[in-house]
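The block underneath contains the structure these notes are about, expressed in structure tokens.
Just so you know, all these numbers are worked out from the coordinates, no wet-lab data involved. These numbers were taken from a predicted model, which means no experiment stands behind them. Cβ placement follows ideal geometry from the backbone for every residue including glycine, while neighbour counts extend to all protein chains displayed.
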Amino acid sequence: MPTFHTKLIGREKIAENTMAYTFEKPEGFTFKAGQSGDFTLNNPKETDAEGDTRAFTLTSPPYANTITIATRMRDSAFKRVLKKLPLEASLKLIAPSGSFTLHNNTSIPAVYVTGGIGITPARSIIMQATKDQLPHQIFLFYSNHNPEEAAFLEELKSLENENPNYHFIPTMTKISHSSKWEGERGHIDKTMLKKYINDLSKPIYYISGPATMVASMRSMLNDVGVDDDNIRTEEFSGY
């Protein structure tokens, strides 16, 4: 993979315990929606056994003039440094990598089954598909504990107004002590999928989230007869 140099140009809290970081887009840098990159800190003030490099999905779409990543914040040396990194600080970027990208056959629906920060590749893909006016039918199931923890929630809702082929189904699993919620509740399961998708055997499924969720969703899809060839996964660790 090619190596680029980039600069941090913005940071923003986008959900509870979740930050988005925006970087300059290096000249000549291209990628496909859903791909990721390895970001390396230059001479960080602290480090640990996990090292100075992390892989992040590029959650901005390819058409954007900048690169954005989003991550849950935890107490690691890398994320402590990243949180305090001054604007204009440079990082090394090795990218793009990954094949968690939208399939080409427009007659086959795409179903995204996402949890938590696993939303990042789906956001890039749906934004790019909307701009390109792709005819794919796209269903996005997005599970979080509550709306406060759901990154990009309002933006993903509003994209339905721009793309008639895109269907957004957010669901909350621990809503009792949170803001008012009128959408789906509970974990994503076959009953919820069948409520929105007539034939579960037709789509290609893209599962992204914590490893336990990915394994559970794959097992559930296998149980309802979905072939493994029609299931693509991306695990997100380091919560």
Open item on the list: Just want to confirm a number: the relative contact order over the chain, from Cα pairs under 8 angstrom separated by 6+ residues, in percent.
Closed with: 19
- [ ] Starting from the Cα of H187, step 7 Å along the direction of its Cβ; do the same at L200; then give the gap between the two resulting points in nm.
- [x] 1.4
TODO: Could you please report the charge total around G209, scoring K, R as +1 and D, E as -1 over all other residues with beta-carbon less than 9 angstrom from its beta-carbon?
DONE: -2
Open item on the list: Quick check on packing: order 27-34, 79-86 by the mean number of other C-beta atoms within 10 Å, highest mean leading.
Closed with: 27-34, 79-86
Task: Dipole magnitude of the range 3-97 about its Cα centre (Cβ charges: Lys, Arg +1; Asp, Glu -1), debye to nearest 20 - done: 160
- [ ] Check cross-link reach from K25 to the aspartates and glutamates: straight Cα distance under 15 Å, and skip same-chain residues fewer than eight apart.
- [x] D38, E88
Task: lysines whose Cα lies under 29 Å from that of K195, excluding same-chain neighbours fewer than 8 positions away - done: K131, K157, K174, K180
Open item on the list: Please give me the summed charge of the neighbours of K13: other residues whose Cβ is under 15 Å from its Cβ, Lys and Arg +1, Asp and Glu -1.
Closed with: 0
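As a check on your grasp of the helix formula, calculate [θ] at 222 nm for the chain: sum -39500 (n - 2.57) over DSSP H runs of n ≥ 4, divide by the residue count, round to the nearest 500.
Per the formula, -5500 deg cm²/dmol.
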Task: Centre separation in Å (Cα based) which lies between the range 171-238 and the range 24-82 - done: 26
- [ ] With unit charges on the beta carbon (Lys/Arg positive, Asp/Glu negative), name the residue among T130, I119, M220 whose Cα is farthest towards the positive pole of the charge dipole of the range 110-235.
- [x] M220
TODO: Pick out, in residue order, every one of the trypsin sites (Lys or Arg not before Pro) in the range 129-235 that is DSSP loop and has at most 16 other C-beta atoms within 10 Å; say none if there are none.
DONE: K174, K180
TODO: Treating cross-link reach as a plain straight distance, find the aspartates and glutamates whose alpha-carbon is under 14 Å from the alpha-carbon of K202, omitting any fewer than eight places away in the same chain.
DONE: D227, D228, D229
Open item on the list: Rg and Dmax in Å for the chain, alpha carbons only: what are they?
Closed with: 17.8, 54
Open item on the list: At q = 0.16 Å⁻¹, what log₁₀ I(q)/I(0) does the range 19-138 have when each alpha carbon counts as one equal point scatterer in the Debye sum?
Closed with: -0.79
